[in-house]
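Note sheet for the following structure.
The values are calculated or read from the model by the stated rules, or taken from the named source; none is laboratory data. Since this is a predicted model, take the numbers as computed values, not measurements. With ideal geometry, Cβ positions are generated from the backbone for all residues, glycine too; neighbour counts draw on all protein chains shown. Just so you know, the surface numbers come from the protein's heavy atoms only, side chains and all, with ligands and any DNA or RNA stripped out. Shrake-Rupley method; radii C 1.70, N 1.55, O 1.52, S 1.80 Å.
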Amino acid sequence: QVQLVESGGGLVQPGGSLRLSCAASGSIFSIYAMGWYRQAPGKQRELVAGITSGGSTNYADAVKGRFTISRDNAKKTVYLQMGSLKPEDTGVYYCTMRCRRHGWDPASDYWGQGTQVTVSS
């Protein structure tokens, strides 16, 4: 089994910052792409940021210049540094990783349970 556990969510005022973390555990042979999605109430889940195994990153237009995704391969962890937060950033944030459990397995996508981020004064 592969488990992803997120942390770092919470309540923050507009203009504030938060850092989300997501650590993978379990039987993992290799990890490829990692990413963060979010889902606001009544809306579909959307990509926030992604990072490849080579370190290339991509961001949703709404967060460019404010959020930074990074990864620590040794710790099997992906981070999302969020700054200049806005009320519209409110939602449940999910991490995802494409992992291979064994060398002979195909890669599969795994998801965390989600962490709530609320931006409000």
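In the set (1) on the phi < 0 side of the Ramachandran plot; (2) surrounded by 14 or more Cβ atoms within 10 Å (Cβ to Cβ); (3) at pLDDT 95 or above, residue 107 fails one condition alone, (3). Filter region 4-22 for residues that are under 14 Å from the mean Cα position of the chain (by Cα) and open to solvent by 40 Å² or more (accessible area, probe 1.4 Å); which is farthest from residue 94 (Cα to Cα)? Here the residue is 19. Selection of region 71-121 for residues being part of a strand (DSSP E or B) and more than 16 Å from the chain's Cα centre (by Cα) yields 100, 108, 119. Please work out if residue 73 is open to solvent by 50 Å² or more (accessible area, probe 1.4 Å), of a type outside the set (Phe, Trp, Tyr) and in contact with a Gly (Cβ under 7 Å, 6 or more places away or on another chain). So residue 73 does not fit the description; no.
Conditions (1) hydroxyl-bearing (Ser, Thr, Tyr); (2) open to solvent by less than 50 Å² (accessible area, probe 1.4 Å), marked per residue:
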residue	(1), (2)
32	yes, no
39	no, no
42	no, no
46	no, no
62	no, no
83	no, yes
89	no, yes
93	yes, yes
